[in-house]
Amino acid sequence: MKRIAFLSLILILILVLLVGCSSASDFYVFGTTLQVKTENDISKKVAKGIYEKLDGYESIISPVVANSDLERLNKAEKDVAVSVSDITLELYKISLEMYNLSSHAFNPAIYPVVKLWGFDANTFVVAGQSKQPPQQADIDALLYLADLENMFVVDYTNKTITKKDSNAMLDFGAVAKGYSLGQLTDIVGDKKSIVDLGGNIIGFNKDYTVGIRSPRNSGSSVFGKFTLHSGESISTSGDYQRYYEFDGVRYHHIIDPSTGKPADKGIISVSIIAGSINGVENTNSAAYVDAISTSVFVLGKEKGIELINTIGVKAVIIYSDLSYDVCGDLDFIRL
Ligand code: AMP
Ligand code: MG
């Protein structure tokens, strides 16, 4: 009996030690799961602080949260100046830069078309369902709205955005998660931690081994792994994240603004990794990482790799035949 009690005590001690060493907390924000892992028992407080900060960002920049900047802007009539926050102005600035750098492959003004396809957070239900795609004529009728610089007039002094067409709409879904992760440095401080917001991941004060998900369900669920260095973030854009099928064809959520249809340049997953942009460390590097992953997905192999090299980031690109390219100085191991 004594022996059983002693063994139980040892087991409990081991469990306490394990939990004490590393702790994970899960939340739901930005329409996806948030997982925070830190290395000691103050983690709960840090994780809650991170959740609250991200939740605050979502209420400003999500187009589907009532009274957010984008919800008010998207439903506004043309020629009405809509007041927006500094966060929205900064996201617009980064987005415009990426719009130009990517030859308009990255384009937050494509939102009316994203909505028509049913990929907005209000409409999309679950990946893999069967659903009919929209008619070409309906897509074509909305494409003129994806003219970022002519549809939106931004006044940085008075902090307003004015639409030039009542039907124009913006969506920062391809950059907002990365942007928000980049703003967590103050909350995390010197604590060793890794934050995963629906596949956008950032690591602080430690190197972490991170896996890249297999885009197809063949064999292992992890395609490969690499080391995410302290201060770096990763963003993955993939055709398996939000999609439906019709007549055996997969229709996914990353829209090529030049056609209004799901991008189809042979890439099925692209992960961008960086802690600096153009060799310069900055809090917005995670935002650029996010925007670049979407851009490369739309651009395809050649133009995508050109963009990756121009900006100086690392990448793993997976093609539809499951072959892959690794760009930059990355210790990627295929699993
Ligand atoms: P991500 O997962 O970061 O590649 O972002 C994909 C999301 O961004 C989609 O769910 C849409 O809301 C939006 N989106 C789709 N296509 C584009 C595009 N070409 N440029 C900018 N945002 C897009
Ligand atoms: Mg993105």
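The values are calculated or read from the model by the stated rules, or taken from the named source; none is laboratory data. The structure displayed is predicted, hence computed values, not measured ones. No Cβ is skipped: glycine too gets one built from the backbone with ideal geometry, and neighbour counts run over all protein chains shown.
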Report whether or not TYR324 is away from ligand 2 (no atom under 16 Å from the Cβ), under 25 Å from ALA176 (Cβ atoms), among the aromatic types (Phe, Trp, Tyr) and touching a residue at least 12 places away in the same chain (Cβ under 8 Å).
no
Of those in segment 79-119 that are farther than 25 Å from ASN158 by Cβ and of a type in the set (Phe, Trp, Tyr), the residue farthest from ligand 2 (Cβ to nearest atom) is TRP117
Can you tell me which residue in segment 164-179 is farthest from the chain's Cα centre (by Cα), limited to those that are more than 12 Å from ligand 2 (Cβ to nearest atom) and crowded, with 24+ Cβ neighbours inside 10 Å?
MET169
Could you please tell me which pairs satisfy a Cβ distance under 7 Å, a separation of 6+ or placement on different chains, a first residue in segment 220-234 that is farther than 24 Å from SER180 by Cβ, and a second residue that is hydroxyl-bearing (Ser, Thr, Tyr)?
SER220/SER214; SER221/SER214; VAL222/SER214; PHE223/SER214; LYS225/THR209
Over segment 241-281, the set of residues within 16 Å of TYR319 (Cβ to Cβ), touching a residue at least 24 places away in the same chain (Cβ under 8 Å) and assigned to a loop (DSSP other than H, G, I, E, B) is ILE254, ALA263, LYS265, GLY266
Looking only at segment 292-335, which residues are closer than 19 Å to SER233 by Cβ, surrounded by fewer than 15 Cβ atoms within 10 Å (Cβ to Cβ) and among the charged types (D, E, K, R)?
ASP329, ASP331
Within segment 163-207, can you find the residues that are at pLDDT 95 or above, hydroxyl-bearing (Ser, Thr, Tyr) and more than 16 Å from ligand 1 (Cβ to nearest atom)?
SER166
For residues in segment 145-163 being of a type outside the set (A, V, I, L, M, F, W, C) and within 14 Å of PRO112 (Cα to Cα), which is nearest to ligand 2 (Cβ to nearest atom)?
ASP147
